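Notes follow the structure.
The values are calculated or read from the model by the stated rules, or taken from the named source; none is laboratory data. Just so it is clear, the structure is predicted and the values come from calculations on it, not from any experiment. Using ideal geometry, Cβ is built from the backbone for each residue, glycine included, and neighbour counts are taken over all protein chains shown. Just the protein is used for accessible areas: all its heavy atoms, side chains included, with ligands, DNA and RNA removed. Shrake-Rupley method; radii C 1.70, N 1.55, O 1.52, S 1.80 Å.
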Amino acid sequence: MTVVTFDSIKDHNTKLIRKALEGSIFMKRWADDDLPITQVYKSATGLVIPVGYFDVGVIRKADASTWNRDTETSDVESWGYGDPTRRDIIKDTSTCQFTMQESKRHVLEVYNSTDLSGVQADADGNVIVDKPRIPQALRWRMFSLAKDGDGADAVYFLRAMPNCQVTAIA
């Protein structure tokens, strides 16, 4: 008889523990004809950022990109059963929190929820961005691209929100 030990039955692989050592957040204004992101790496050319996306720049280290998911369920309870006999997910909301640190045009558009493409500096270099009287609910496409490791051992992972809005400004 063979004695089964815990070490012989566990299926642990510490090489599969990933950590986002660095990364960037990429955004673009949402449009009806946008295509889903299908690839960000090609073996022949390396990383490929989809057309139209901009890097929001340096992100505060303390919270980097913090992703959360909130789900709500609806249970069906049945006579004679202690646990629900059916559970449906009726809400599934994802959030991503990050703090942009650069003051470039695209970042100011995201932060102020306004289109700044027509804003020009005056002769003295001043740029005035007024708070809109009625804020726009701009929709965005956003993804976070993170990297663990370096060189040939680098592993990239992407999390995306194909339709999102800025809901909190800190």
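For L158, the accessible surface of its heavy atoms amounts to roughly 70 Å² (probe 1.4 Å, protein chains only, rounded to the nearest 10). Under the combined filter of DSSP loop state and at most 16 neighbouring Cβ atoms within 10 Å, the stretch 1-103 retains these trypsin sites (Lys or Arg not before Pro): K10, R18, K19, R60, K61. Determine the shape class of the stretch 45-126: with a ≥ b ≥ c the square roots of the Cα gyration tensor eigenvalues, call it rounded for a/c under 1.5, and otherwise prolate if a/b is greater than b/c, oblate otherwise. The shape class here is prolate. Per residue, the average separation of C-alpha pairs within less than 8 Å and at least 6 apart gives the stretch 1-80 a relative contact order of 29 percent.
Find, to one decimal place in angstroms, the Kirkwood hydrodynamic radius of the stretch 10-67, where the mean of 1/r is taken over every pair of different Cα atoms and then inverted.
Numbers: mean 1/r = 0.0682 Å⁻¹.
One over the average 1/r among Cα pairs gives 14.7 Å for the stretch 10-67.
Just check the chain against the gyration tensor rule for me: Cα atoms, a ≥ b ≥ c as the square roots of the eigenvalues, rounded for a/c under 1.5, and otherwise prolate or oblate depending on whether a/b exceeds b/c. The shape class here is oblate.
Using a cut-off of 19 Å between Cα atoms, the listed pairs K28/K61; K19/K61; K15/K61 include K28/K61; K15/K61 as exceeding that distance.
How high is the FRET efficiency from D34 to V58, r the C-beta distance, R0 30 Å, rounded to 0.05? The calculated FRET efficiency here is 0.70.
Mean sequence separation of contacting Cα pairs (under 8 Å, at least six apart), scaled by the length of the chain, corresponds to a relative contact order of 25 percent. What the Cα atoms of the stretch 92-164 give is an Rg and a Dmax of 16.9, 51 Å. Oblate is the label for the stretch 117-157. Its Cα gyration tensor axes, ordered a ≥ b ≥ c, give a/c of at least 1.5 and b/c at or above a/b. Surface exposure of the chain, expressed per residue as accessible area with a 1.4 Å probe, stands at 78 Å². Solvent-accessible area assigned to carbon and sulfur over the chain amounts to 50 percent, based on a 1.4 Å probe. Applying both filters, DSSP loop and at most 12 other Cβ atoms within 10 Å, to the GluC sites (Glu not before Pro) of the stretch 1-98 gives E77.
Using Cα pairs under 8 angstrom and six or more residues apart, how large is the relative contact order of the stretch 75-170, in percent?
Taking the mean separation of contacting Cα pairs over the length of the stretch 75-170, I get 19 percent.
The calculated FRET efficiency for N68 paired with R139, based on their beta-carbon distance and R0 = 22 Å, is about 0.65.
S74 exposes around 50 Å² of accessible area when a 1.4 Å probe is run over every protein chain in place. Put M100, M142 in order of accessible area, highest first, and with a 1.4 Å probe you get M100, M142.
Within the chain, the longest run free of exposed loop sites, counting chymotrypsin sites (Phe, Trp or Tyr not before Pro) that sit outside DSSP helix and strand states (H, G, I, E, B) and have at most 11 other Cβ atoms within 10 Å, spans 82-170.
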